[in-house]
Amino acid sequence: MPETSRNILDIRNNAGFQTWTMTFAPANAFDPQLLSGLRDAIDQAAANESVAAVVLTSGLRIFSAGGDAKWMGQQLAEHGPQGLVIQFNRIMNQFRELCLEIRRSPLLVIAALNGHTLGGGFELAAACDIRFVANVERLQIGVPEMDLFGAMPSGGGGTQFITRLMGPSRALQFILDAKPINPKRAYESGLVDRLCDPTNLLTDAEAFAGEVAKKAGRIGVAACKRAIFSGWEMPLSQAMELDGALHWDAMRRGNFPKRAESFAKRFGASR
């Protein structure tokens, strides 16, 4: 990985999964450097067949604050207000591609939210497959774009991912209200999937990733993701066809043959 990416993203290899820790001080804010580092990481992990899952977390006290105010200020000084809009949209197009690549990747991507997760930071978390969060009352989760800029959170496709988590009407209210909420309310709203003791957050996320990698492997994870996320957006008849094709392919190439043999030897003889 390029040196610049290594400075902002620590990647640790585990048995069947990786842990990515963002360390882009002070707030893991998105600028071209961080986006490039994440894009490189997802490409390299997807190319490594031994990796089935990724845990994405932060080495800072905040998960991510989204847009980089310093970078925005530099663009404003160099290009003026309209130039800032053009440059910002260019970077956000890269961010949107990153989020879509995460969702379409053959990897289970778990966001372990250990600090404030705001704006584009939550868009990134929403693009991940599962979200674990530290159950800390003061921790803020939200998309304040409408309050800050009078704009919807769509740099990373936030309106789409959030709607798929909450449902249309609740997502509309959440986005227009633009007020952050705590982890408990986020869990009740469907924005996050598991509340964790803050001291066990990373351990819990890594344990889940490790179990999935061991049971399903890359082939099982990729099939399950595609069946659920792609199938959910299809008419039922088409989704059933996709499900059947994925099921057959995953059974043929994945862990099923050896697991089925073990199961049959263990329980079949006693019947």
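Count neighbours as other Cβ atoms within 10 Å of each site's Cβ, and list the trypsin sites (Lys or Arg not before Pro) in the stretch 185-242 that are DSSP loop with at most 13 such neighbours.
Details: sites: R185, R194, K214, K215, R218, K225, R226; in loops: none.
The qualifying sites: there are none.
Just give me a number: lysine pairs in the chain, eight or more positions apart or cross-chain, with C-alpha atoms less than 21 Å apart. Could the numbers behind the result be given before it?
Numbers: K214/K225; K214/K258; K214/K265; K215/K225; K215/K258; K215/K265.
Close lysine pairs under the 21 Å cut-off: 6.
If neighbour count is taken as other Cβ atoms inside 10 Å, put T159, T23, T57 in order from fewest to most.
Working: T159 18, T23 15, T57 22.
Sorted ascending by nearby Cβ count, the order is T23, T159, T57.
What is the sum of charges, Lys and Arg at +1 and Asp and Glu at -1, for the other residues whose Cβ falls under 13 Å from the Cβ of A223?
+4
Return one number: the angle in degrees, 0 to 90 and rounded to the nearest 10, between the long axis of the Cα atoms of helix 32-47 and the longest principal axis of the Cα atoms of the chain.
Helix 32-47 and the main axis of the chain meet at about 10 degrees.
Expressed as a whole number of Å, what is the distance separating the alpha-carbon centroids of the stretch 1-70 and the stretch 77-125?
Centre-to-centre distance over Cα atoms comes out at 13 Å.
FYI, it's all coordinate maths here, none of it is from the lab. The shown structure was predicted, so the numbers you read here are calculated from the model rather than taken from an experiment. Positions of Cβ are generated from backbone atoms using ideal geometry, with glycine treated the same way; all protein chains shown enter the neighbour counts.
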